[in-house]
1. To the nearest whole percent, what portion of all C-alpha pairs in segment A:83-224 is separated by more than 21 angstrom?
2. Would you mind getting me the FRET efficiency between residue B:242 and residue B:34? Use the beta-carbon distance for r and R0 = 41 Å, nearest 0.05.
3. Mind sorting A:21, B:48, A:186 by how few other Cβ atoms lie within 10 Å of their own Cβ, fewest first?
4. Regarding chain A, what is the average projected area of its C-alpha convex hull, in nm²?
5. Please identify, among A:17, A:158, A:242, the residue showing maximal mean-square fluctuation in a Gaussian network model of chain A using a 10 angstrom Cα cutoff.
6. Quick check on the exposure proxy: order B:220, B:76 from fewest to most C-beta atoms within 10 angstrom.
7. Using only the Cα atoms of segment B:70-162, each taken as one equal point scatterer with no solvent, compute I(q) by the Debye sum, divide by I(0), and report log10 of the ratio at q = 0.18 Å⁻¹.
8. Which angle from 0 to 90°, rounded to the nearest 10, does the C-alpha axis of helix A:153-162 make with the longest principal axis of chain A?
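Throughout, read-outs are computed from the coordinates displayed, never taken from laboratory work. This structure is a prediction, so every number in the text was calculated from the model and none was measured. With ideal geometry, Cβ positions are generated from the backbone for all residues, glycine too; neighbour counts draw on all protein chains shown.
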């Protein structure tokens, strides 16, 4: 077996492609993604106008088989909507097992899908790959983290969903004082304010050293909604430069975990 | 004014706001010493709604919270803002523990503060657009025709009508009530499905008809008020007189909440449905080159009818200054403006002319079946546009 696969840069197989499909769907707000296979796991990254960077990360233990050649970088650009379409090729009601092959630089990504309820049916997909664009390196170790917030994903989704759609900026105030989290939106003529104290049930952990006021485009924050819907826990981290990192954890039935991660750049104060 | 609405009543209030939102674009709030009144009027001023929330609707009610000697605090806010504060009424009682409403006469904001589960506090600062109140004068007690019905009976009856229908006609006699989506005039061929539902008096909780009549009113508002009654599980009382006089729908539970929905009525087969749908239809017919003369003659007659009716209707919603309201006739619905009296009398505003008729007569020759474009040898003033 090793002889057969070692010629490939990357091979992986999975019993159920459903969760992977949902995970990729949740970051599919751009046409193309950067596909990166590392020894620890698989990561797909999309960027929205250099303002939002979203990644889906699937740790290697989610795969029944997972091989990446050590001596090469497995990094390429792929059309993520085509990829999700292929994963869902048997329809939403049919779960299928999945195999992925990537032979070498420039070759297409091969997908072999087999529906679970039908035998002798198999789909081969070849998706063309491109040379990866450079992606923003947003994580800066020198900038200190000022606040970290762990929330229940469903409750946070309820809050975000209730915000007025017509306004475009959202202001998040974090403070060690009560109310610890305050989310303000400005509508056409009205102002709405949501206060969440750290004692609230939806807040699982809260740490904030100094009061901070952050402004983002509401549209950017709304991009996490699909990921929130499939996740159980959400972590918000804010650095002193205003960069917001949102990490979401998806727990599968087999206790394995998949993650999505969003970096959102702040709006500059005028 | 400051008041607290307990959790279960927040849902009722949310349903109220959503029902009012289907009537008008502005919400008028007036606080009196023992109740709060919410009112709205639709854009064409043919439908008005008033909901009275009594003192015991609230767990705490302080009319004189900010200052003592105010008669009635009034404000007008945009309905969109109100809806924003009351999203998803169905789930509201699960999330919201109580609601605090604050209205300071010296502030420009009306404050809705929702205390939710998990210790979350949502505060909406809603801009006050105006400090006027709006009030309609109508009668509901001294009318010959009264019907009380469970909302389910009427909802089920309306279930038989199409979404595209925008008016219904109620034909009442002491033997039966007929709800239908068409009138007696045969000219209206635009309606493809004609529906008619007959309900016998014993189906209603009470049924008193003093004068046989038929009234036509808009379905959109009727559906909205039935939805409101359904949400609160309360019966609907209908008080009305004759064609042209407003019909008043009353939904109340006797203690905490009382809602009046007033709909202008007209003769069957005229109004928006006729004008909107028939226009397209007549255009189509013109393309088919059928002889239009006969039909347009009928239309002229109907249009006159229509404009007369509009004049009658405009009587229903007259804006009159505050000091005149006392001697006003009871059945008229007036807009009472306290701060600024408007002296204009709407009685003489004619219905806007319908351009459709003129076009038909200006280009009449072109649409006759005997017309041959080759016989015109004049200068081409406007060439045919590209087929693209």
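1. Pairs farther apart than 21 Å: 64 percent.
2. Working: r = 35 Å, r/R0 = 0.85.
Taking R0 as 41 Å, the efficiency between residue B:242 and residue B:34 is 0.70.
3. Taking fewest neighbouring Cβ atoms as first place, the list is A:186, A:21, B:48.
4. 16.3
5. Among A:17, A:158, A:242, the largest GNM mean-square fluctuation belongs to A:158.
6. So the ranking, lowest neighbour count to highest, is B:220, B:76.
7. For the requested q values the scattering log ratios are -0.95.
8. Computed tilt is about 60 degrees.
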